[in-house]
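Enquirer: Have a look at this one before I ask anything.
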Amino acid sequence: MDQDQTEALVGAVRRAIEARQRLRATGHGSKAFYGNPRAGEALDITGHRGVLGYEPGDLVITARAGTPLARIDTVLAAQGQMLGFEPPQFGGRGTLGGAIAAGLSGPRRPWAGAARDFVLGVRAVNGRGEPVRYGGETIKNVAGYDLARLYAGSLGAFGVLLEASVRVLPVPETELTLVLEPADPLRAMIDWQRRPWPLSGLCVDGGRVCLRLSGTTDGVNAARQQIGGRELADGAAFWRALRDLELPFFAGEAPLWRVSLPPATPPLDLPGDCLLDWGGAQRWLRSSAPPAQVWAKVAAAHGHATLMRGGDRSGGVFQPVSAAQAAIERRLKAELDPAGVFGGGGAAS
């Protein structure tokens with residue numbers, strides 16, 4: 001049955017190549033709002049699911065692309081482990097393949113690493129209709145180009161993911177969230193990040209700073225005494241809501257921008273409301289400013305911006321790249337998908 005599912009996906013890609021038809025891999029549609037408009041016939045990968053291998057001692061899990069993240073969380077939690085990049089689940093519908101293809105990471109990212117940092121190996125169907133494997137199932141497995149991580153954030157532009165091996169982390173012994181209201185939240189966050197504290201989340205929401213500590217009980221308690229503030233009763237629920245864009249800030253119809261900047265960058269001269277995450281390195285902006293204006297302001301501050309939801313999407317949603325970067329993307333696309341069969345949703349598609 002499992003082999004049949006793999007062969008069915010490979011066969012679908014080969015038929016699309018022969019018919020010169022575009023494909024777009026789809027799961028439950030939890031991230032359908034993200035990326036450029038996706039062209040092509042939907043190729044459902046949700047039936048291609050299941051954990052293929054898990055070695056708690058090696059901190060590695062391998063699963064098919066259609067495996068729900070909720071299922072992987074359950075398997076890992078039984079062994080006191082977790083996905084370190086804290087991928088958004090958007091209502092529990094997210095899959096492992098979707099998490100890697102989107103390349104989105106949660107509030108823990110500055111301290112634990114991004115989605116691509118945890119990818120050890122992938123198996124995929126490329127644009128020639130060939131099942132290929134890149135990387136492996138151990139941390140030290142890469143010789144030459146690390147093509148496995150190329151799939152992280154590619155939005156399906158280079159092939160259909162079949163399975164992935166990702167590194168996992170132990171669940172912290174203790175975790176708590178503090179709420180503070182400093183006079184200058186951004187400056188306070190920059191200062192706190194210089195301290196030897198076990199930070200795992202740091203954001204500004206409506207003038208209050210929410211700070212998460214994760215680690216040993218002694219380490220967390222020592223930091224808590226130095227930081228002060230009050231403990232948030234259900235901190236875990238707050239960080240899940242931030243991860244899945246479910247806080248009150250994200251409600252409504254105003255265009256939502258995801259902006260990446262150097263953490264100490266002062267507020268940009270743009271209309272709208274802003275929520276700071278990742279200690280200031282990721283900023284969520286609700287603004288009706290034209291995309292060209294947002295991109296210009298962000299580029300001047302040495303960052304990049306993505307229109308996540310709503311707004312004028314006719315000119316694309318990603319920060320325009322340099323001519324050199326665009327040329328690299330075109331060459332990668334030509335090598336991995338010469339027939340242009342994958343619609344994807346990123347800049348290379």
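Enquirer: When the residues of the range 57-66 are filtered to those that are among the aliphatic types (A, V, I, L, M) and in a loop (DSSP other than H, G, I, E, B), which remaining residue is farthest from A101 (Cα to Cα)?
Expert: Out of the qualifying residues, it is L59.
Let's see how each residue does on (1) under 20 Å from A264 (Cβ atoms); (2) touching a helix residue (DSSP H, G or I) at 6+ places or on another chain (Cβ under 6 Å); (3) open to solvent by 10 Å² or more (accessible area, probe 1.4 Å):
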site	(1), (2), (3)
T177	no, yes, no
D184	yes, no, yes
P196	yes, no, yes
S214	no, no, yes
T217	no, no, yes
V220	no, no, no
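Enquirer: Restricting attention to the range 2-56, report how many residues are open to solvent by 40 Å² or more (accessible area, probe 1.4 Å) and in a strand (DSSP E or B).
Expert: 9
Enquirer: Looking for whichever is in the same structural domain as Q225 (by the TED database) and under 30 Å from G57 (Cβ atoms) here; the options are W192, W197, W111. Which one fits?
Expert: Going through W192, W197, W111 in turn, the sole match is W197.
Enquirer: Kindly indicate the residue of the range 306-342 that is part of a loop (DSSP other than H, G, I, E, B) and among the charged types (D, E, K, R) and also nearest to E130 (Cα to Cα) among those meeting that condition.
Expert: D337
Enquirer: Here is a follow-up. Six or more apart or on different chains, Cβ under 8 Å: which pairs go from a residue in the range 1-17 that's modelled with pLDDT of 90 or more to one that's assigned to a helix (DSSP H, G or I) and open to solvent by less than 40 Å² (accessible area, probe 1.4 Å)? Could you list them?
Expert: none
Enquirer: Just one of (1) closer than 18 Å to L155 by Cβ; (2) surrounded by fewer than 20 Cβ atoms within 10 Å (Cβ to Cβ) trips up V317, so point out which.
Expert: Condition not satisfied by V317: (2).
Enquirer: Now a separate question. I'm checking my understanding of the structure. Among residues of the range 226-251 that are open to solvent by less than 50 Å² (accessible area, probe 1.4 Å) and more than 15 Å from F90 (Cα to Cα), which one is nearest to the chain's Cα centre (by Cα)?
Expert: This residue is F249.
Enquirer: May I pose another question? Between residues in the range 162-186 that are over 14 Å from D73 (Cα atoms) and residues that are aromatic (F, W, Y) and open to solvent by 10 Å² or more (accessible area, probe 1.4 Å), which pairs lie under 9 Å by C-beta distance while being six or more apart or on different chains?
Expert: Qualifying pairs under 9 Å: T177/F238.
The values are calculated or read from the model by the stated rules, or taken from the named source; none is laboratory data. Please read all numbers here as calculations on a predicted model, not as lab measurements. Quick reminder, even Gly has a Cβ in these numbers, built from the backbone with ideal geometry, and neighbours come from all protein chains shown. We work out accessible area using only protein heavy atoms, side chains counted, and drop any ligands, DNA or RNA first. Shrake-Rupley method; radii C 1.70, N 1.55, O 1.52, S 1.80 Å.
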